[in-house]
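The block underneath contains the structure these notes are about, expressed in structure tokens.
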Amino acid sequence: MQNSEDPFVKKWKKVREKGLLKHLISTGLSFGILLFVVLTAWNYFVSEQSYETTYEFLIQLLITIVFGGGLYALITWYLNEYIYKKKVKQK
């Protein structure tokens, strides 16, 4: 199989054409929301700690979405770029 037929190469080529900003928004937001839901459930069910104020809730929401999701999106972007360039170079 040639590298141009590789499913990863095809998919990542489409993603990278959209750009880093779109990847940050779509992937980062998705992962950030998932992370927030998991952490909120953990706080509620396991640690039996709930938010005392709306402010605490919003702060955790902001931190998990912006930093958790953003960091995840950046890491996946650069790792996928590395893999993509390596596979394309192997032609």
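Would you pick out the residues in the range 1-51 that are hydroxyl-bearing (Ser, Thr, Tyr) and either touching a strand residue (DSSP E or B) at 6+ places or on another chain (Cβ under 8 Å) or surrounded by 10 or more Cβ atoms within 10 Å (Cβ to Cβ) (or both)? Hits for the range 1-51 are Ser4, Ser26, Thr27, Ser30, Thr40, Tyr44, Ser50, Tyr51.
Look at the range 77-91: where a residue is on the phi < 0 side of the Ramachandran plot and a partner is modelled with pLDDT under 95 and loosely packed, with under 11 Cβ neighbours inside 10 Å, sitting 6+ places away or on another chain with Cβ atoms under 9 Å, you get Lys91/Gln2.
So that you can scan it fast, the table gives a plain yes or no per residue for (1) of a type in the set (Asp, Glu); (2) within 15 Å of Trp12 (Cα to Cα); (3) modelled with pLDDT under 85:
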| residue | (1), (2), (3) |
| --- | --- |
| Gln49 | no, no, yes |
| Ile65 | no, no, no |
| Leu71 | no, no, no |
| Leu74 | no, yes, no |
| Lys85 | no, yes, no |
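If you check Leu62, Leu39, Leu35 for being under 30 Å from Ile83 (Cα atoms) and within 17 Å of the chain's Cα centre (by Cα), only one passes: Leu35.
The values are calculated or read from the model by the stated rules, or taken from the named source; none is laboratory data. Here the structure is a predicted model, which is why all the values come from computation and not from measurement. A quick note on method: Cβ atoms are made from the backbone with ideal geometry, for glycine too, and the neighbour counts reach across all protein chains shown.
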